[in-house]
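The values are calculated or read from the model by the stated rules, or taken from the named source; none is laboratory data. Predicted model, so just to flag it, every value in this text is computed and none were measured. No Cβ is skipped: glycine too gets one built from the backbone with ideal geometry, and neighbour counts run over all protein chains shown.
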Amino acid sequence: MGTSADEQIIDGLQREEVTKSFMMHYNFPPFAVGEVQALRAPGRREIGHGLLAERALLAVLPSPDDFPYTIRVVSDILESNGSSSMASVCGGSLSLMDAGVPISEHVAGVGMGLVKEKDKVLILTDIQGIEDHFGDMDFKIAGTRKGVTALQLDIKVKGVSLEVLKATLERAREVRNEIIDFMEKVIKKPRRELSTHAPRIITTSVPLDKIGEIIGPGGKNIRRIIKETGVEIDIDDMEGKITIASMDAYGAQRALELIKEIIEEPKVGKIYQGKVKKVMDFGVFVEILPGKVGLVHISELSDRFIKKPSDLVKIGDVIPVKLIRIDGMGRMSLSKKRAEKELALGKKGS
């Protein structure tokens, strides 16, 4: 599992570039069937079987809004005597639940076959390699208890009647339910916790006019957040969607807090923990939110007399301040003594 940055990019000849957030990769090395060949790029079999299994599992995956992960399932087939693509469906369903992907229910598959001699018809279930080779039909059917999610039909005869197809689908449904019974004995529901190897992803929406503030001049703000928390951040400036990914849940949550601080509007009457940015003879300038600085006049620093602000605070100090006023030009007036008084009363009350 990964972030949106891990999505597969697909170039089309007659359409715009698109991406895929779910991939099912099917590997079938030559030694799986006792052959000796060089390992090269995926062949027709690998691509076809992978797409079939991918289609089967796609139906039970959560929506990207509910589960914003890029998911890649890999099936390594090490021997073959039946429908390895249907085995990949079953294994893929089990692995998704085990990884904590909230799929709606299990998906299983079975390869159905047919032997036809004149008017005599025999339907085969879970065909082996020899039955696939000498039989007249290879009908791969995958689905849940409720219905079919993917199928593929190959026939060697001129046609198959509707009655035979109905009987095959019904038999496949019965067998599929039996397979799911076995799968549910191993794991019945997706695990509540994600795999420890999966990044923790948080998504949030922000006003489009705040995107620039979050990024900062030359990317200053976003780089600072990434450096401080060690997360990956992806910003969709078309929809105002921000995705935060981190192997550390605390880091992801901290990054979200820093982003919210950037877009937060100062509120009169609220107490902030501000950082002293500048000390003057008439007062000190304090940053209460990223990029938002207000003035604590010398008269609002302390209840006792002080000759100059530098006697009480210095640059870099973090002090409690209360926002007492915002004038017509957006300038903020802060008070250290009022904040300390309210905090002291709060402690006494508790």
inquiry  = I want to confirm something. Restricting to segment 119-143 and keeping residues that are exposed (fewer than 15 other Cβ atoms within 10 Å of the Cβ) and not basic (Lys, Arg), which single residue is farthest from residue 175 (Cα to Cα)?
reply    = 119
Segment 15-48, residues that are part of a strand (DSSP E or B) and free of Cβ contacts under 8 Å to residues at least 60 places away in the same chain = 18, 19, 20, 22, 23, 25, 27
remark   = Per the filter on segment 270-309, residues under 34 Å from the mean Cα position of the chain (by Cα) and either at pLDDT 95 or above or outside any strand (DSSP E or B) (or both) are 290, 291
query = Yes or no: residue 151 in a helix (DSSP H, G or I), more than 27 Å from the chain's Cα centre (by Cα), surrounded by 15 or more Cβ atoms within 10 Å (Cβ to Cβ) and modelled with pLDDT of 90 or more?
reply = no
Residue in segment 213-230 that is touching a Ser or Thr at 6+ places or on another chain (Cβ under 8 Å) and not assigned by TED's automatic domain parsing to the domain that holds residue 87 present = yes
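Considering only segment 111-118, I want to know if a residue exists there that is out of contact with any helix residue (DSSP H, G or I) (no Cβ under 9 Å at 6 or more places or on another chain), more than 30 Å from residue 194 (Cα to Cα) and surrounded by fewer than 20 Cβ atoms within 10 Å (Cβ to Cβ).
Scanning segment 111-118, I find at least one residue that is out of contact with any helix residue (DSSP H, G or I) (no Cβ under 9 Å at 6 or more places or on another chain), more than 30 Å from residue 194 (Cα to Cα) and surrounded by fewer than 20 Cβ atoms within 10 Å (Cβ to Cβ), so the answer is yes.
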task = Taking only segment 56-85 into account, find how many residues are assigned to a helix (DSSP H, G or I) and in contact with a Lys or Arg (Cβ under 7 Å, 6 or more places away or on another chain).
result = 1
query = Restricted to segment 64-93, and to residues that are more than 21 Å from residue 172 (Cα to Cα) and of a type in the set (S, T, N, Q), which residue is surrounded by the fewest Cβ atoms within 10 Å (Cβ to Cβ)?
reply = 70
query = Assuming residue 280 fulfils every condition listed in (1) in the same structural domain as residue 328 (by TED's automatic domain parsing); (2) without any contact (Cβ under 8 Å) to a residue 24 or more places away in the chain apart from one, which condition is it?
reply = (2)
note = All-but-one check, residue 291 against (1) in contact (Cβ under 8 Å) with a residue 40 or more places away in the chain; (2) in contact with a Leu (Cβ under 9 Å, 6 or more places away or on another chain), failing number (2)
request  = Read through the list (1) hydrophobic (A, V, I, L, M, F, W, C); (2) in a loop (DSSP other than H, G, I, E, B); (3) within 30 Å of residue 333 (Cα to Cα), then give the number of the only condition that residue 238 fails.
outcome  = (3)
query = Going through segment 252-269 one residue at a time, which ones are touching a residue at least 12 places away in the same chain (Cβ under 8 Å), closer than 24 Å to residue 204 by Cα and assigned to a loop (DSSP other than H, G, I, E, B)?
reply = 264, 266, 267
Subset tally (residues that are touching a residue at least 40 places away in the same chain (Cβ under 8 Å), surrounded by fewer than 17 Cβ atoms within 10 Å (Cβ to Cβ) and not in a helix (DSSP H, G or I)) for segment 156-187 = 2
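Considering 51, 96, 58, which residue is aliphatic (A, V, I, L, M), touching a residue at least 60 places away in the same chain (Cβ under 8 Å) and surrounded by fewer than 17 Cβ atoms within 10 Å (Cβ to Cβ)? Let's see the steps before the verdict.
Values: 51 fails: touching a residue at least 60 places away in the same chain (Cβ under 8 Å); 96 fails: surrounded by fewer than 17 Cβ atoms within 10 Å (Cβ to Cβ).
After applying the criteria, what remains is 58.
Hey, can you tell me all the residues within segment 103-125 that are within 30 Å of residue 1 (Cβ to Cβ) and β-branched (Val, Ile, Thr)? Show your work before the answer.
Our first condition is that a residue be within 30 Å of residue 1 (Cβ to Cβ); within segment 103-125, this holds for 103-111.
Scanning segment 103-125 gives 103, 107, 110.
For segment 286-327, give me each residue that is among the basic types (Lys, Arg) and exposed (fewer than 14 other Cβ atoms within 10 Å of the Cβ).
Taking segment 286-327 first, the residues among the basic types (Lys, Arg) are 292, 304, 307-308, 314, 322, 325.
Across segment 286-327, the qualifying residues are 304, 307, 308, 314, 325.
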